[in-house]
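The values are calculated or read from the model by the stated rules, or taken from the named source; none is laboratory data. All of these numbers come straight from a predicted model, not from anything done at the bench. Positions of Cβ are backbone-derived with ideal geometry, glycine not excepted, and every protein chain shown enters the neighbour counts. Side chains are part of the model used for accessible areas, which takes the heavy atoms of the whole protein and leaves out ligands, DNA and RNA. Shrake-Rupley method; radii C 1.70, N 1.55, O 1.52, S 1.80 Å.
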Amino acid sequence: MRPSRLFVITAYAMAVVTLPTTAGAQNSMDVRGYFVAGSTWLTAADSFEAVADTNRTSNIGGGGAVTIWKSVFVDVAVQRMAIEGQRVFVDQGTVYPLNIPLQVTMIPFDVAAGWRTPGRVSAYGAVGVSRISYTERSDFAADDEDVDDSGTGLLLLGGADVTIWKFVSIGGEVRYRHVDGPLGETGVSAVFGERSIGGVAASLRVSVGF
Amino acid sequence: MTTPGYHVWFRGAALLAAVVIVGTEKPTHAQASTAPYTFAMTRSMVERVTAAWNDELPYVPGEVLVKFRNGTSAATQDRAMSIIRGPIDAAETKWIGNVLLARTTSEPDPEAAAAALRRQPEVEWAQPNYVRRLHATPNDPSFARQWNFQMIEMSRAWDINPGANANVVVAIIDSGITTQSASYTFPLWTGNNFENVIVPFGVTPDIASSRILPGRDFVFWNGPVLDMDGHGTHLAGTVLEETNNNLGLSGIAYGARLLPLKACYGYWDLQVLQSVFGIPGYVNPNETGGCPDSAVAEAIRYAADNGARVINLSLGGPFTSAITLEALNYAVSRGVFVAMSVGNNYERGNATQYPAAYAPQINGAVSVGAVGASERRAYYSQTGEHLELVAPGGDVRDGGFAGVIYQVGLFDPDFDPFTVIRPRFDRYYEEPLQGTSSAAPHVAGLATLLYSQGITNPAAIEAAMKRFAKDIGTAGKDNEYGNGLIDARATLRGLGVAR
């Protein structure tokens, strides 16, 4: 998806989240903001395991959702993931760490639309797009050697929550992002033939809504 | 950023005189003594070696290397050896690993002897004891400049890895690097008679003695390693010369340790040996260092068995060498990376040279060609499918005297065989050299840094160098530049996730 189209969608989503609505009378919360924290398992597992000994990282973020018609809602979210490791060389499947610190930061910006079941205990699912900003920094890099790039791809999300007190609900959700972008051209991701900067994020979600 | 403090002392003086003795500390010389050591050759061996030297033979006359098939009994070995005309000199026979070095005065043609032995069913292979030549072409300086290190991005590479560490040992198998400052009394032919001459030796002032291991001499004697040629010292400088010490020039892996292994003799080695055995006259002053396969193979194995992680071989010849190939495989199997110069005979027929031509079949050994200051193939640098990498080797036709490789080396006017009859080897200066000999140590130096950085497998070191080499010449691997020009900084930096 081209960035300009993404902006249009994003602006629309933001508008519906922030503007008052009369739709969605079936739910106790028509507009909600939420905070998430959890873990992400990155799809480029071999690449991240090579540099960081793991493909798992923590994620933290938040977002908002608004019910726009009956049980249909639009969701906008931003998360942040960071992983630290070191630069390596890979030969014949053997990884040689080079003791050069490396930091990867990924910031997914998600826009999705989906459907939510009514009631105090509610399940939901949605499909949308995720644009992931990807930065990679390492020691001894020249200006043009660090990576600042992004990619856009598919987002699937699902979860369930329960209203625990008036406007507050708690639950869990899973987001799957398939985003081809900066990976796969050079670097260890090319060695392992991995292109996606996406992954599966499982998070605890706390929502406040009206 | 680590900026080497080289040239500070040297440059100005070099411009004035082009001849400078490097060294802030005066070497402490042991008292002159007649050598208490045993020479590595007998009189008959010296006669054969000098015959090969003077007549430019590619082998040592009367010497063959034989490997018997597994399970061959001693009696059967004797039967196989009986095919050689005349007796084998048992006193001069020795085993190098599982290879027999046999010497006979009755069969001076080792090609014929080896061919006869190869026909015996008990023999796996047999070859003459070929003599490899050092791959150098010396030049005179006008001024010095280490453009070569800039070409391979050493300044920024040292930011990542400042010169390796003392845990990594580099073996230079060559004409030796002097390991002790001392004077020895040798008999020398001075034109009309023999004279006992006090010959002073000094350790290079730009490699800390603490980083120089005792090493071993395979061709001259069982005493301290002495360089009477200068070739080995120059190459050692490229790999190991002190950096940031306000003295002389710099070296790539200036924190590593040096294992000097003398497997090549030069003019003065032979001149001394000849005189020791009372053989009058001078050996051919036009010849360059000779390296018998037996000594080279023994040195390779010695390096592998004594902690070396990197070997530099700046020598070669046009004949195959089974004993050297087996030694190389042995070394690499023990985790040793080997850099080998591809040869300087491009304009003299470009015949493939060994052992460099074995490199493609050994993961962990690399053949190295040379480029000049403009990143073009040096005029002498040999080509072929077996060429794997290139590195700066200098090219006087590409930038004049500024375009060759300078390292602190022995002051060669002190032992110029055309003008000197009483040599000395205790003075050093900024020595110019060009050749694939000079290119290979750049690769050996980089391998040393990579080992220190964490790539400890020789095959992976080779793969890394090829992966990050700068592709010059025809796109992709080609016969002039192989996989390209080594890039120290890119190789040391390795890979991130995306880039």
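Couple of notes before you dig in:
- Hey, B:Asp206 of a type in the set (Asp, Glu) and open to solvent by 10 Å² or more (accessible area, probe 1.4 Å) or not: no
- Restricted to region B:264-287, and to residues there that are in contact with a Lys or Arg (Cβ under 9 Å, 6 or more places away or on another chain) and part of a loop (DSSP other than H, G, I, E, B), the residue that is surrounded by the most Cβ atoms within 10 Å (Cβ to Cβ) is B:Cys264.
Listed here are the residues, each with its yes/no results for (1) buried (at least 22 other Cβ atoms within 10 Å of the Cβ); (2) touching an Asp or Glu at 6+ places or on another chain (Cβ under 9 Å); (3) farther than 18 Å from B:Gln407 by Cβ; (4) at pLDDT 95 or above.
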site: B:Arg132; (1), (2), (3), (4): yes, yes, yes, no
site: B:His135; (1), (2), (3), (4): yes, no, no, no
site: B:Ser142; (1), (2), (3), (4): no, no, no, no
site: B:Ser155; (1), (2), (3), (4): no, no, no, no
site: B:Trp158; (1), (2), (3), (4): yes, no, no, no
site: B:Asn165; (1), (2), (3), (4): no, no, yes, no
site: B:Ala171; (1), (2), (3), (4): yes, no, no, yes
site: B:Ser175; (1), (2), (3), (4): yes, yes, no, yes
site: B:Thr178; (1), (2), (3), (4): yes, yes, no, yes
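- Members of region B:211-236 that are touching a Gly at 6+ places or on another chain (Cβ under 7 Å) and β-branched (Val, Ile, Thr): B:Val225, B:Thr233
- Meets criteria (surrounded by fewer than 21 Cβ atoms within 10 Å (Cβ to Cβ) and within 14 Å of chain A (Cβ to nearest Cβ)) for B:Gly473: no
- Lone unmet requirement of (1) within 17 Å of the chain's Cα centre (by Cα); (2) outside any helix (DSSP H, G or I) for B:His234: (2)
- Filter result for the condition that a residue is within 14 Å of another protein chain (Cβ to nearest Cβ) and not in a helix (DSSP H, G or I), over B:Val497, B:Val420, B:Val396: B:Val497
- Identity of the residue in region B:452-464, part of a helix (DSSP H, G or I) and over 17 Å from B:Ala490 (Cβ atoms), that ends up nearest to the other protein chains (Cβ to nearest Cβ): B:Ala459
- Considering A:Gly33, A:Gly64, the condition of being more than 11 Å from chain B (Cβ to nearest Cβ), touching a helix residue (DSSP H, G or I) at 6+ places or on another chain (Cβ under 6 Å) and not charged (D, E, K, R) is satisfied by A:Gly64 alone.
- Scope region A:136-192; condition open to solvent by less than 30 Å² (accessible area, probe 1.4 Å) and charged (D, E, K, R); matching residues: A:Glu136, A:Asp161, A:Glu173, A:Arg175, A:Arg177
- Take the conditions (1) open to solvent by 10 Å² or more (accessible area, probe 1.4 Å); (2) away from every other protein chain (no Cβ under 14 Å); (3) touching a residue at least 12 places away in the same chain (Cβ under 8 Å); B:Ala439 misses just one of them, which is (1).
- Residue check for B:Gly290: in contact with an Asp or Glu (Cβ under 7 Å, 6 or more places away or on another chain), of a type outside the set (Phe, Trp, Tyr) and open to solvent by less than 10 Å² (accessible area, probe 1.4 Å): no
- Long-range neighbours under 8 Å by Cβ, at least six apart or interchain, first residue without any contact (Cβ under 8 Å) to a residue 40 or more places away in the chain and within 17 Å of B:Val371 (Cβ to Cβ) within region B:401-413, second acidic (Asp, Glu) and open to solvent by 20 Å² or more (accessible area, probe 1.4 Å): none
- On inspection, B:Tyr358 fails the criterion of being among the hydroxyl-bearing types (Ser, Thr, Tyr) and in a strand (DSSP E or B).
- Residue in region B:51-105 that is nearest to B:Asp293 (Cα to Cα), counting only those that are assigned to a loop (DSSP other than H, G, I, E, B) and basic (Lys, Arg): B:Arg69
- Residues within region B:319-346 that are under 20 Å from B:Tyr481 (Cα atoms), open to solvent by 20 Å² or more (accessible area, probe 1.4 Å) and assigned to a loop (DSSP other than H, G, I, E, B), tallied: 1
- Residues within region B:214-223 that are open to solvent by 10 Å² or more (accessible area, probe 1.4 Å), part of a loop (DSSP other than H, G, I, E, B) and in contact (Cβ under 8 Å) with a residue 60 or more places away in the chain, tallied: 3
- Residue pairs meeting the criteria (Cβ under 7 Å; at least 6 apart or on separate chains; first farther than 23 Å from A:Val129 by Cα, in region A:168-194; second in a strand (DSSP E or B) and open to solvent by 30 Å² or more (accessible area, probe 1.4 Å)): A:Val168/A:Val208; A:Ser169/A:Val162; A:Ile170/A:Val162; A:Ile170/A:Ile164; A:Ile170/A:Val206
- Annotation note: Cβ proximity below 8 Å between a residue of region A:42-54 that is away from every other protein chain (no Cβ under 11 Å) and a residue that is of a type in the set (Asp, Glu) (sequence gap 6+ or interchain) occurs for A:Thr43/A:Glu194; A:Ala45/A:Glu194.
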